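What follows is calculated from the coordinates using simple rules that are stated; it is not laboratory data. Here the structure is a predicted model, which is why all the values come from computation and not from measurement. Cβ sites come from the backbone with ideal geometry, for glycine too, and all protein chains shown count toward neighbours.
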There are 2 protein chains.
Amino acid sequence: MSDDGARKTPDRLRRRASRLLSQLTMRSDRLINEGLARADGRKWHYAVLASLQEYGPGSQAELSRRSGIYRSDMVGVVKELAERDLVERVPDPDDRRRNVITISVRGRRRLRHLDRILDDLHDELLAPLSTAERDQFLQLLTRLLDHHTRAS
Amino acid sequence: MSDDGARKTPDRLRRRASRLLSQLTMRSDRLINEGLARADGRKWHYAVLASLQEYGPGSQAELSRRSGIYRSDMVGVVKELAERDLVERVPDPDDRRRNVITISVRGRRRLRHLDRILDDLHDELLAPLSTAERDQFLQLLTRLLDHHTRAS
DNA sequence: GTACATCGTTAGTGGGACTAACGCAACGGA
DNA sequence: TCCGTTGCGTTAGTCCCACTAACGATGTAC
């Protein structure tokens with residue numbers, strides 16, 4: 001950003017929800033990415049590990065669907081996770097197109113770790129809000145997102 | 001996105017404010033960009049025109065600071081606006097490093113037009129929320145953004 | 001068997017934030 | 001008056017991310 005100091009951001013801009021969202025998301029993404037990076041973590045790793053933990057093993061394509069990561073990008077994510085022994089990738093004997101991805105013990109431990117890191121980072125992200133306000137914020141975001149997800 | 005149908009998005013993911021923000025912002029950006037594109041408009045055009053309207057003429061560097069657009073990107077934006085006769089770009093006689101950018105009559109009309117378009121698009125974006133909830137949402141976003149802007 | 005869909009993979013697109021470095025002009029001291 | 005610093009506009013290029021296209025191999029349906 002470069003609009004520090006004499007903040008002359010026009011009102012029209014400052015008031016638009018779309019702009020508030022992009023700006024805040026930019027900061028939020030930076031905060032989370034940097035926070036995770038400090039622990040050699042990435043958002044995508046977290047997403048995949050969480051998906052494996054909550055819904056069990058699955059093919060890359062299925063992980064894709066669960067996590068919203070494109071299957072073209074999933075290749076690299078799974079590779080990185082496998083390199084770190086957080087996940088096992090085994091060809092599916094029943095369907096030779098598929099790899100079955102399974103979370104490892106290290107993977108579960110790692111997920112717990114990332115969860116703690118994310119808790120802290122979100123505390124920082126939502127710092128100015130009270131507990132009630134945080135809930136409200138989440139609720140509003142969820143309703144909006146749900147609305148635009150169904151509509152898509 | 002690709003997580004339609006059987007929504008198996010893990011809870012951990014669905015609940016994180018950071019993720020809600022990115023996802024919603026992605027939809028929001030698409031909505032706004034496509035809406036503006038239908039009228040041959042762009043976010044950046046709006047930002048610059050709004051800044052000129054509210055604070056008067058300025059150099060490209062100053063517009064940069066007002067709008068948060070990088071001065072390297074401002075070059076192209078001003079060029080596009082000038083091509084459409086929405087602004088005038090004149091060398092500053094008092095400081096030969098500068099161009100003075102001024103909004104034209106067409107520019108003002110265009111800004112009003114874009115404002116109407118954006119009003120509609122934001123109505124769509126915030127559709128599921130009541131008026132009170134929209135205010136609250138904006139207020140929460142603003143507080144969060146302010147907090148993370150000062151801290152930067 | 002033949003058409004079609006799905007899987008993993010590679011490559012590449014397009015947009016947006018952001019950096020580096022340039023030549024030029026202005027400003028602020030010694 | 002020269003000199004270092006700062007600000008300007010511009011060009012080029014980086015990185016990240018969502019997303020598309022196309023591929024060969026495999027599975028499924030008719």
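Observations, loosely collected:
- Peptide B:65-74 shows a mean partner chain C-beta count of 4 within 10 Å per residue C-beta.
- Between copies, the label points at A:R109 (set 7 angstrom from Cα along Cα-to-Cβ) are spaced 7.0 nm, reported in nanometres from shortest to longest.
- FRET efficiency for the B:R96 to B:R116 pair, using the beta carbon distance and R₀ = 51 Å, is estimated at 0.85.
- For chain A, hydrophobic long helices are taken as DSSP H runs at least 24 Å long by C-alpha position along their axis with mean Kyte-Doolittle hydropathy of -0.5 or more; these are A:17-37.
- Cα Rg, Dmax, the protein assembly as shown, angstrom units: 22.4, 77
- Backbone N within the stretch B:4-46 under 18 Å of label point (7 Å from A:R71 Cα along the Cβ vector): B:4-9
- Counting all C-alpha pairs of the stretch B:23-124, share separated by more than 15 Å (%): 61
- Computed from label points 7 Å out along Cα-Cβ, the spacing between A:E133 and A:A82 is 4.7 nm.
- Around the amide H of B:V100, modelled in the peptide plane, lie the amide H atoms of B:V90, B:D92, all under 5 Å away and 5 or more residues distant in sequence or on another chain.
- Averaged over peptide B:133-142, the number of partner chain Cβ atoms lying within 10 Å of each residue's Cβ comes to 5.
- Chain B residue nearest by beta-carbon to the axis mapping B to A, with distance in Å: B:T25, 2.
- Note on A:R108 and B:D11: the model spin-label points, each 7 Å out from Cα along the C-beta direction, lie 1.7 nm apart.
- Ascending list, in nanometres, of distances separating the B:R84 label from those of the other copies (7 Å, Cα toward Cβ): 4.4
- Of the trypsin sites (Lys or Arg not before Pro) found in the stretch A:35-98, the ones in coil according to DSSP and having at most 12 other Cβ atoms within 10 Å of their Cβ are A:R38, A:R96, A:R97.
- Prolate/oblate/rounded label for the stretch B:56-99 (Cα gyration tensor, a/c 1.5): oblate
- Normalised contact order of chain A, rounded percent, pairs of Cα under 8 Å and 6 or more residues apart: 20
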